[in-house]
Amino acid sequence: MGHTSLEKIIALQKKPSNIRNICILAHVDHGKTTLADCLVASNGIISTRLAGKLRYLDSREDEQIRGITMKSSAISLHFSTGETEYLVNLIDSPGHVDFSSEVSTAVRLCDGAIVVVDAVEGVCPQTQVVLRQAWLENIRPLLVINKMDRLIVELKLSPLEAYTHLQKILEQVNAVTGTLFASKVLEERAAKDTEEQQPAPGEQVYDWSAGLEETDDSHLYFSPDQGNVAFASAIDGWGFSIRMFAQIYSQKMGIRSELFLKTLWGDFYLNAKAKKIMKGAQSKGKKPLFVQLVLDNIWSLYDAVVTRRDKEKVDKMVTSLGIKVMARDLRHADPKVLLSAICSQWLPLSQTVLSMVCEKLPAPTDIAAERVEALMSVGARRFDSLPEETQQLKKAFLECASEDEAPVIIFVSKMFAVDSRALPENKQRPLTQEELSQRRELARQRHAERQAANQSSESTETAIGGSGQTAVTANDTGPDADALCAQTEALAAKASVEGPRREHFVAFARVYSGVARRGRKVFVLGPKYDPALATLPRGCFPDDAPPSVPHMASCTLERLYLLMGRELEELDEVPAGNVLGIGGMEEFILKSATISTSAACPPFTPLNFEATPIVRVAIEPKHPSEMQKLVQGMRLLNQADPCAEVLIQESGEHVLLTAGEVHLQRCLDDLRERFARIEISVSEPIVPFRETVIRPPKVDMVNEELGRQQKVAVARQAREEQSRYPEGVQVDPSGLVVLTTPNKLATLGVRALPLPDEATRLLEGNAELIRTMEQFNLMAREGRTMEISPKTLEAVRSFRAELASHLQGRRWRDAVDRIWAFGPRRCGPNLLLNSLEGYCRPSVWQCLEAPQGGAGPATPLTLRDLDSSVVSGFQLAALAGPMCEEPLMGVCFAVESWEVRPASRPDRQELGSAARAEEEAEAPAAGGGPGRRRGDAAGSGGGDCYGPLSGQLIAATKEACRYAFQAKSQRLMAAMYTCEIMATAEVLGRVYGVLSKREGRVLSEEMKEGTDMFIITAVLPVAESFGFADEIRKRTSGLASPQLVFSHWEVIPSDPFWVPTTEEEYLHFGEKADSANQALKYVNAVRRRKGLYVEEKLVEHAEKQRTLSKNK
């Protein structure tokens, strides 16, 4: 197929039923970009010979150097089958775990996906991740099993062994899909059960079915006979589906192609005598049809062309296939060139994949109603609770309406930076034939002028005549020549004075409804915009100059682009169902946004990011005078990368958060070369830790049980520590800390308890739910209402029940109902418990206790004055622990006493006479009238919520929590990566060596069936992971490649402040106990980085050095 013109693509954009928006998803190095090259080559954009080598959609230099994709790139392809023409908007996405956020941005804009799996490696960790992302976005996947040539050339499997291996890969992929489907059905069943009416008390109804039996899931799974699986070798340029061979053999053998479609994959064989297709190939020891009719032929071709290089056999095959091969390909020294020439005509990959895409994947007009509702549901609100005008937009979504009156709805999934010279409006326009001929004529005339000027120097008379002729010649050129001269000189001047390059941002977007047209005014809706709270007049449009509304802006669509990989083409309008780029939106959109002409349109649900930014570095310019350039550059980087985050810490450091080491390197390169263009200094990676407490250990550091003597020694050590506490702090042996404020008006008693691990994980996993609860409670205190969907209420109810099941025992009695607050930031994995007698405050579970649609609890409860001060002090303590100012995790603080005394008489005498008189005048009103303060009614002693006592109580609560924390066994928690390593048997020992050196721990080791590869699963501290991938590649000569994904937080078992106390510990560790303490090393490193005091001895018992030769 030749190169497709821009006019043809614009015409196809107006037929949404013939548009396919697809993305390519896979694990790293499974061949996504090579497959994309083959599809791009089918449109004549690149040469078929360069497909797989050029990697056209990897436009960045570092992508070409590393050989991995780092960003999502889109390109529009034209494909025709029969008389029907299709427009395929293809998005290539990264496979590396560090760039999984780019996958999320691509999946949101698509209706279908091509999942690529390596035929040798099978299902890898990132394959499971992309399948889950496609499932969450409710898009339909197709499967391409790539690198089939490796089964022949590398593993040297027979066709029958390869068939068995392919069956196992299909089973693995379908197992992942089945798990996702089962979890969805079980969730729906649970929701249905809660909505159904409970049976009468006398009835006992038991239903053990899970609902999986009744639900049809046959269409979800991958099977070649369903037409949603293709087999390919993208590097050799071939691929096929069952349908292709069914059509070939139905013509040759006279058997219906429908019968072949059903039997070509499976336990069927061909009975040559009876000329029938029969079942039971495995039991009868016969070759399955797929092996006999498909794989045997491909294996024979590889044997003749690559292995034996049998020219005669190759000629016979080429003749029998009826294809033509060029003589230069037959003579080429590389057999892969000949192989590619034969296969690309016999089994064209692009034809196979694109025909499968157009046949099996939905058009934008076929978008599911379930997906529309999921996209439009704002936060915790259900779709049917949205305003009526908002719900009416669903119809425009489903119809993919392209009429002028249809509301425009566009979703921007990310912003990407483009060099200003790459924009279509800044490119030099190619010259027409007329302009070329005019410039050619002008060049001839100038040449004639120079020759005449040279001749004029021979004599004076000739010079005069020559100059006159020259003048006449110059005047004869006419105004056109002068204009061309001026244009050429202007272009040269522009090129010489052009300033430094400037990055422009283009929004990566899709039109879901309406027509995006240049010059059209639209609303830009931020992620926090809520159409129900927007105070806009009904039927308000962007042209009406609407009033200021939070999280909403009005702007004009300045420039629209067609995304063509490395190129951009300018468009005037883009109808619904198409992927496009929008220029000039950098002032209105940070990372993602929803664009609409209707103010009733809700913002789309946030993207599902699989990677968490965990690696952080501090950045500063090498020259302090360039600080402003660094700030501007980091702002641009934050906008250009969907996963990167930029922070300014309290210390003034500019911190960059990234998803991993490769992602960090790419961001730093972008900052140096594109956004800031300055030299920068980068700190060592800042690794986050967490602080926690554990139950008192039962054994000492040498694993000896703590006897009575040892316990006495530990108690003596605790008493010594008690003497170090400042005045006003009392700590009893049980760990209760009683602290009094400096003005002696408030006393607080706090005890720290370790939360069970299951409860900590539960709190950490439900942070969004806790945030919704806090938002409801805040609005309830302010007297406002907030509707919560039944699904969210059910999630809160099950969260409460699960938390109660984890908090069992005497010390946790009624703990769930006594929760005062969560922290830090009111949604973290730490608890503040109300253990005060006689203080019943409003519950954190108000959304469950409130009547449906109400805002307050059934029984009105009052807050004590200064209640918020205690909560604020707890939040501060949970945000920065005492060990190294890192956040706490898995700690519960129980407030067991809280007394606030009224101001003493001497304090009142310090007041002026006028103030005293005013106070006495107000006293009767405060006795029992309506002016009585809430704090007095609660018996708090009349403290001012915003006075000095409030601040002192915040500080006292924070210090009490810190001392209570230190009274328990303190431990540090490290962030842990899950590490998946694929390695061959000969390098396993080296892999284990690198892991043990970096404090790693191997969890499992499995051999991949049919290969010599081992899959090692390990956990590795994030603090020890920097340089791990490079070291493991060096040690194993590139035979092992790790994938690191953030997994969990793990307690470091050693006590950072441990000193020997028992006799066995003194014998084992010595009096100094100066052996390496991993936890203390981390604590000191963090304290040193933060500028905190570090207790360490540099020199002990120093003495002068003496040499043997001479005493000095």
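The values are calculated or read from the model by the stated rules, or taken from the named source; none is laboratory data. Treat the numbers as computed from the prediction; the structure is a model and nothing was measured. With ideal geometry, Cβ positions are generated from the backbone for all residues, glycine too; neighbour counts draw on all protein chains shown. Calculation scope for accessible area: heavy atoms of the full protein, side chains included, ligands and nucleic acids excluded. Shrake-Rupley method; radii C 1.70, N 1.55, O 1.52, S 1.80 Å.
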- Message: Cross-link candidates for K528: which lysines have Cα within less than 24 Å, leaving aside residues fewer than 8 places away along the same chain?
- Response: K394, K395, K414, K591, K791
- Message: What is the sum of charges, Lys and Arg at +1 and Asp and Glu at -1, for the other residues whose Cβ falls under 9 Å from the Cβ of M278?
- Response: +4
- Task: Starting from the Cα-Cα distance between E312 and K1081, subtract it from 0.36 nm times their residue separation and give me the gain in nm to one decimal.
- Result: 269.8 nm
- Each label sits 7 Å from Cα toward the beta-carbon; between K791 and T319 the label points are separated, in nm, by 6.5 nm
- Expressed as a whole percentage, what fraction of the accessible surface of segment 218-341 belongs to carbon and sulfur atoms when a 1.4 Å probe is rolled over the protein heavy atoms? 52 percent
- Message: Can you give the local net charge around P364? Use residues other than it whose beta-carbon is closer than 14 angstrom to its beta-carbon, Lys and Arg +1, Asp and Glu -1.
- Response: +4
- Message: Between R761 and D817, how high is the FRET efficiency from 1/(1 + (r/R0)^6) when r is the Cβ-Cβ distance and R₀ = 25 Å? Nearest 0.05.
- Response: 0.70
- Note on the structure: Note: D366 to E768 extended length (0.36 nm per residue) minus current alpha-carbon separation gives 141.5 nm
- Taking the Cα centre of segment 271-314 as origin, work out the dipole magnitude from +1 charges on Lys and Arg Cβ and -1 charges on Asp and Glu Cβ, in debye rounded to 20. 340 debye
- Note on the structure: For segment 10-106, listing GluC sites (Glu not before Pro) in a DSSP loop whose Cβ sees at most 12 other Cβ atoms within 10 Å gives E83
- Between the modelled labels at L848 and R810 (7 Å from Cα along Cα→Cβ) the distance in nm is 2.6 nm
- Percent accessible area from carbon and sulfur atoms, segment 944-1011, protein chains only, probe 1.4 Å: 50 percent
- Message: Can you tell me which lysines have their Cα less than 24 Å from the Cα of K744? Leave out same-chain residues fewer than eight positions away.
- Response: K958
- Item | Calculated FRET efficiency for the pair Q665/S59, C-beta based, R₀ 25 Å, to 0.05 | 0.90
- Item | Electrostatic dipole magnitude of segment 549-681 [Cβ: Lys, Arg +1; Asp, Glu -1; Cα centre; debye, to 20] | 220 debye
- Message: Accessible area of segment 631-671 with a 1.4 Å probe: how many percent of it is carbon plus sulfur?
- Response: 49 percent
- Label-point separation in nm, R439 to S218, each point 7 Å along Cα→Cβ: 6.5 nm
- Message: Cross-link candidates for K1097: which lysines have Cα within less than 19 Å, leaving aside residues fewer than 8 places away along the same chain?
- Response: K1072, K1081
- Would you please classify the overall shape of segment 92-161 from the alpha carbon gyration tensor, given that a ≥ b ≥ c denote the square roots of the eigenvalues, rounded means a/c under 1.5, and beyond that prolate means a/b larger than b/c while oblate covers the rest? prolate
- Förster-model FRET efficiency, 51 Å R0, L398 and K156, C-beta, rounded to 0.05: 0.45
